[in-house]
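S.K.: What follows is a structure written as structure tokens; I'll ask about it next.
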Amino acid sequence: EVEGERPADAPESCPGTSSTDAGKASACAGCPNQKICASGEANKPDPDVGVIRERMRDVAHKLLVLSGKGGVGKSSVACSLAVALSENDANQVGLLDCDICGPSIPTIMGVVGEEVHMSNLGWQPVYAEHNLAVMSIGFVLPSLDDAVIWKGPKKNGMIKQFLKDVHWSDITHLIIDTPPGTSDEHLSITTLLADADVDGAVIVTTPQEVALLDVRKQINFCKKVKMRVLGVISNMDGFVCPSCSGTSQIFPADSGGVEAMCAEMDVPFLGSIPLDPKFARACDEGKRFTDQWPTSQTAKSIGNIVEALTGRLDGGKNK
């Protein structure tokens, strides 16, 4: 069963406000919230869910980028999707970095050091391009080297503030980059966006079996919270030699790979992106890879994935 959210002053062993044991479990003894949890008041709908629904009402497409395991290139893929969508001037794209403890999006997007400003409409995101807005906790930290040492409730509060208070203006696509795994933050995001008509989730993995074990859990998480899986992307799938442009398999798939897993779990396979040193360098330097190497195999792979994803988005919620 998915664990409910914990109040900020609750003990670590708190069963969560949405649990049937809320206020009744032995861990609740001595907690200042015990009485209100036992009464069921803490499990009433969060009024901010309605506020977020209104904030997101005019955003045509909203999608989460998830990964079962860290280190699979989820954030670089999220940025690549945002950049590729913004290449169509008809699109206004928002990129929200909800990876509170590992905010790498400012670096990848080349907007490190930019500041977020507040207006009467809410927080104003940073624009990496005229039609690509970015929001990240990295913009409000004194330094990107500062560690964010927060417990779950404080991280969830920051995520709620991002969803509720950022003024995205007239964006058509909102891409939400989430932390790896299936933790408190994911439950918070899916709960807060429950009424926001989210299109679904894009799941990023690498092809080796140890990563696929975790991505299966991520797919099952989506099924439990009734989040549509838009598709799975196999990242770092084959190494592109910088000298000869040949491709070698670094992470061989012993069980048939990502495509076989997608067929087994009945979710779409969106495509694969090779492990390309030029792509990694572009992310480190905050440069647009597709501008520098538009004819590369990696750029073509990203384009094919975005084309497949756009087809699923334009095809409606049930496609």
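S.K.: Would you list which lysines come within 26 Å of LYS35, measuring only between C-alpha atoms, while excluding same-chain residues fewer than 8 positions from it?
M.R.: LYS24, LYS44, LYS151, LYS154, LYS155, LYS160
S.K.: Further, regarding this structure: Taking just the alpha carbons, could you work out the radius of gyration and Dmax for region 189-235, both in angstroms?
M.R.: 11.6, 36
S.K.: Under a point spin-label approximation (7 Å from Cα along Cα-to-Cβ), what is the ARG57-MET118 distance to one decimal in nm?
M.R.: Rounded to a tenth, the inter-label distance reads 2.5 nm.
S.K.: Shifting gears a bit: Run the dipole for the chain about the Cα centre, Lys and Arg Cβ at +1, Asp and Glu Cβ at -1, nothing else charged, and hand back the magnitude in debye, nearest 20.
M.R.: Charge dipole of the chain: 540 debye, to the nearest 20.
S.K.: If I compute Cα extents along the principal axes in Å from the structure I just sent, which labelled value in (i) 90, 36, 33; (ii) 67, 49, 40; (iii) 45, 43, 41 lines up?
M.R.: Here the calculated entry is (ii).
S.K.: So how much slack lies between GLU285 and CYS241, counting 0.36 nm per residue of separation and subtracting their Cα-Cα distance, in nm?
M.R.: Result for the pair: 13.8 nm of gain on full extension.
S.K.: Using a 1.4 angstrom probe on the protein heavy atoms only, could you order THR190, THR107, THR20, THR298 from most to least accessible area?
M.R.: The residues order as THR20, THR107, THR190, THR298, largest area first.
S.K.: Hey, another quick one. On average, how much accessible surface per residue is there in region 165-319, in Å², for a 1.4 Å probe, leaving out ligands, DNA and RNA?
M.R.: Counting only protein heavy atoms, the per-residue value for region 165-319 is 44 Å².
S.K.: Name the residue farthest towards the positive end of the dipole of region 115-231 from the options LEU230, ILE171, VAL116, assuming +1 on Cβ of Lys and Arg, -1 on Cβ of Asp and Glu, about the Cα centre.
M.R.: Farthest towards the positive pole: LEU230.
S.K.: Excluding residues on the same chain fewer than 8 positions from LYS226, give the aspartates and glutamates whose Cα lies under 14 Å from its Cα.
M.R.: GLU1, ASP195, ASP197, ASP199
S.K.: Would you please give the FRET efficiency between HIS130 and TRP150, computed as 1/(1 + (r/R0)^6) with r the Cβ-Cβ distance and R0 = 35 Å, to the nearest 0.05?
M.R.: Efficiency, from the Cβ-Cβ distance: 0.55.
S.K.: I would also like to ask the following. Using label points projected 7 Å from each Cα along Cα→Cβ, tell me how many nm separate ASP254 and ALA29, to one decimal.
M.R.: A separation of 4.7 nm, rounded to one decimal place.
S.K.: Still on this structure: May I ask which residue of GLN161, ALA60, LEU192 lies farthest towards the positive end of the charge dipole of the chain, with charges of +1 (Lys, Arg) and -1 (Asp, Glu) on Cβ and the Cα centre as origin?
M.R.: Value: LEU192.
S.K.: Another question, if that's okay. Out of CYS31, TRP150, PHE239, whose Cα points farthest toward the positive end of the dipole of the chain (charges: +1 Lys, Arg; -1 Asp, Glu; placed on Cβ)?
M.R.: CYS31
S.K.: Let's see if you can work this out: charge +1 on each Lys and Arg Cβ, -1 on each Asp and Glu Cβ, no other charges. What is the dipole magnitude of region 63-171 about its Cα centre, in debye to the nearest 20?
M.R.: 640
S.K.: Roughly to the nearest percent, how much of the accessible area of the chain is carbon and sulfur, given a 1.4 Å probe?
M.R.: The nonpolar share, carbon plus sulfur, comes to 50 percent.
S.K.: Treat region 168-280 as a sphere of radius equal to its Kirkwood radius over Cα pairs and apply Stokes-Einstein at 10 °C in a medium of 1.306 mPa s; give the translational diffusion coefficient in µm²/s, rounded to a whole number.
M.R.: Using the Kirkwood radius from Cα pairs, D works out to 102 µm²/s.
S.K.: Oh, and also: Using 0.36 nm per residue, how much length does the chain from SER169 to LYS300 gain when fully extended, once their Cα-Cα distance is taken away?
M.R.: Full extension of this stretch gives 44.1 nm more.
S.K.: Taking a cut-off of 22 Å between Cα atoms, list the lysines near LYS300, but don't count ones fewer than 8 places away on the same chain.
M.R.: Straight-distance partners of LYS300: LYS74, LYS278, LYS287.
The values are calculated or read from the model by the stated rules, or taken from the named source; none is laboratory data. Just so it is clear, the structure is predicted and the values come from calculations on it, not from any experiment. Cβ: placed from backbone, ideal geometry, glycine included. Neighbour counts: every protein chain shown. Heavy atoms of the whole protein, side chains included, go into the accessibility calculation; ligands, DNA and RNA do not. Shrake-Rupley method; radii C 1.70, N 1.55, O 1.52, S 1.80 Å.
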